[in-house]
1. Taking residue 16, is it buried (at least 19 other Cβ atoms within 10 Å of the Cβ), modelled with pLDDT under 95 and of a type in the set (A, V, I, L, M)?
2. Could you run through the stretch 293-324 and say how many residues are more than 16 Å from the ligand (Cβ to nearest atom), of a type in the set (A, V, I, L, M, F, W, C) and surrounded by 17 or more Cβ atoms within 10 Å (Cβ to Cβ)?
3. Restrict the check to the stretch 53-67 and report whether at least one residue is more than 14 Å from the ligand (Cβ to nearest atom), open to solvent by 80 Å² or more (accessible area, probe 1.4 Å), touching a residue at least 60 places away in the same chain (Cβ under 8 Å) and in a helix (DSSP H, G or I).
4. All but one of (1) over 29 Å from residue 419 (Cα atoms); (2) in contact with a Leu (Cβ under 8 Å, 6 or more places away or on another chain) hold for residue 310; which doesn't?
5. Pairs, please: C-beta under 9 Å, at least 6 apart or cross-chain, first residue farther than 21 Å from residue 341 by Cα and in the stretch 430-442, second part of a loop (DSSP other than H, G, I, E, B) and acidic (Asp, Glu)?
6. Report, by residue number, each residue of the stretch 230-262 that is of a type in the set (D, E, K, R), open to solvent by 60 Å² or more (accessible area, probe 1.4 Å) and under 20 Å from the mean Cα position of the chain (by Cα).
7. Listed residues 205, 159; which is away from the ligand (no atom under 11 Å from the Cβ), outside any loop (DSSP other than H, G, I, E, B) and not hydroxyl-bearing (Ser, Thr, Tyr)?
8. Can you tell me which of 368, 338, 319 is at pLDDT below 95 and of a type in the set (Asp, Glu)?
Amino acid sequence: MSQLLPAARSDVPAIAPAFPAAPPEPAAAVTTVPGARTAVVGLGYVGLPTSLALVASGARVIGVDISPDRLDDIRADRADLLDDDRDRLRETLRAADPALRLTTAIGEIADADTVLICVPTPVDRHLAPDLTALRAACAAVVAHARPGQTIVLTSTSYVGTTRDLLVAPLAARGLRVGQEVWVAFAPERVDPGNDRHRQELTPRVVGGTTPDCTARAAAALARITPLVHRLSSPEAAEMTKLLENTFRAVNIALANEFADLCRDLHLDVTEVIDGADTKPYGFMAFQPGPGVGGHCIPCDPHYLLWQVRGQRREAPLIETAMRGIAARPRRVVDRIRELLAGAGRPLLGARVLIAGVTYKPGVADVRESPALEIIGELVRAGAEVGFVDDLVDTVRTPDGGTLHRVADHTDREWDLVVVHTGQSGLDEAWLRGQPMVLDATYRLAGLPRREVV
Ligand SMILES: NC(=O)c1ccc[n+]([C@@H]2O[C@H](COP(=O)([O-])OP(=O)(O)OC[C@H]3O[C@@H](n4cnc5c(N)ncnc54)[C@H](O)[C@@H]3O)[C@@H](O)[C@H]2O)c1
């Protein structure tokens, strides 16, 4: 891999130049109908809705997932989907000749003209990128790639991933990228649980290894949305995704800091944010909360920080924001301790109910949810902790403990209710009768005996 800077560690890639030595070739005509037969590798929160959008465009889709359990859940209608997508899935699978073929056999991608890779890219417990799934998926795709295919990586990752895990191994296999196979990066913007940002209406960015790679990938993505913005390289597209999610992380950290400052100044941070949000330019509202979860905001900036560290460089603003974000759940626990102490109760033995444990409303996803750390810390401190969430039956805390949803939370007495996620179905009338509520969503102004973090 060519490098702009000498990499200080051999396992941390440096940023490759946008276009290596060879001049870009003129765009060749696209000969097949792009995306008419698409393989989607990884059918999770991103890959499944993407497959359904492709089916809706008239494509035939080969949905490949390494997990037979995941495929069983999809077949049995247990996948967490928006209502429209759920209807689409039922209709698709009921058809005599379903346009979505589900399989664990990666070799079936040979039937596709386009391959989209959407596998998870989490961080490990040291906040370093965990590339296990991505490396495995890319290696399998490379092993089964055939001339004529367009391969589009969509998983969020470090700058240079597309070249490292697809372009170089394809070339090593003897497949000429830009002539026999076409490779691009097009980051995902699926927003699970939110039907205001539908895929059809959400622009995609794409950067190919050559202009022809970009053109082919853009044509395939145009099946999902007509709004495709072309960039000059996979690296520009990879960095675009890292900017989007780092921007959110930094702004959420800032909103949390403002929430703390406003509390000290006896101000309502929501009123302040709403006030600032009346400005029609130069301001974008972000909300404070109990921390961040999911597989984007708590993870993606660490892909960038890891790469920057490898180059012996610093990104102090991002590092500070990520430290603030990581510390937020513990701050919630400190606030719980403080509020209970104010009511003359130690945390030991206190009855604390967490309302909502998913990382955001409307999804059943608890990955990296701040609630897990909050529950774990409270249990360790000896509190009697329960949770309620219409979408979740059981949670596992970071230290391996398991907690089941409280069946009868309204029949029991709680010293403190922590509203962690504003799931629909939260009974506000019941909440009004509670002795003390810690509103970590900052959305329940007007509730009696309400405290904020
Ligand atoms: N979830 C989101 O809100 C969101 C939004 C935008 C981008 N992204 C990014 O999209 C990517 C996918 O995220 P997700 O949330 O869909 O993940 P996910 O965990 O929901 O799903 C990934 C799926 O990939 C499968 N898988 C893992 N390894 C595989 C392999 N080698 N071959 C085939 N299948 C394999 C898993 O079994 C799982 O079903 C990540 O890079 C994520 O950062 C996620």
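1. Numbers: buried (at least 19 other Cβ atoms within 10 Å of the Cβ): yes; modelled with pLDDT under 95: yes; of a type in the set (A, V, I, L, M): yes.
When the stated conditions are applied, residue 16 passes them.
2. If we filter the stretch 293-324 for residues that are more than 16 Å from the ligand (Cβ to nearest atom), which is where we start, we get 308-321, 323-324.
Then drop every residue that is not of a type in the set (A, V, I, L, M, F, W, C), which leaves 308, 315, 317-318, 321.
In the following step, the residues that additionally are surrounded by 17 or more Cβ atoms within 10 Å (Cβ to Cβ) were identified as 308, 318, 321.
Number of matching residues: 3.
3. Within the stretch 53-67 (the criterion being more than 14 Å from the ligand (Cβ to nearest atom), open to solvent by 80 Å² or more (accessible area, probe 1.4 Å), touching a residue at least 60 places away in the same chain (Cβ under 8 Å) and in a helix (DSSP H, G or I)), the answer is no, since none of the residues qualifies.
4. Failed condition: (2).
5. From residues that are farther than 21 Å from residue 341 by Cα, the pairs are 442/268.
6. So the first thing to find is which residues in the stretch 230-262 are of a type in the set (D, E, K, R), and the list is 230, 235, 238, 241, 244, 248, 257, 260.
After this cut, where a residue has to be open to solvent by 60 Å² or more (accessible area, probe 1.4 Å) as well, the list is 230, 248, 257.
Selection gives 248 alone.
7. So the residue among 205, 159 that is away from the ligand (no atom under 11 Å from the Cβ), outside any loop (DSSP other than H, G, I, E, B) and not hydroxyl-bearing (Ser, Thr, Tyr) is 205.
8. Details: 338 fails: at pLDDT below 95; 319 fails: at pLDDT below 95.
From the options 368, 338, 319, the qualifying one is 368.
The values are calculated or read from the model by the stated rules, or taken from the named source; none is laboratory data. Since the model is a prediction, treat every value here as computed from it, not as a measurement. Positions of Cβ are generated from backbone atoms using ideal geometry, with glycine treated the same way; all protein chains shown enter the neighbour counts. Protein only, heavy atoms only, side chains kept; ligands, DNA and RNA dropped before computing areas. Shrake-Rupley method; radii C 1.70, N 1.55, O 1.52, S 1.80 Å.
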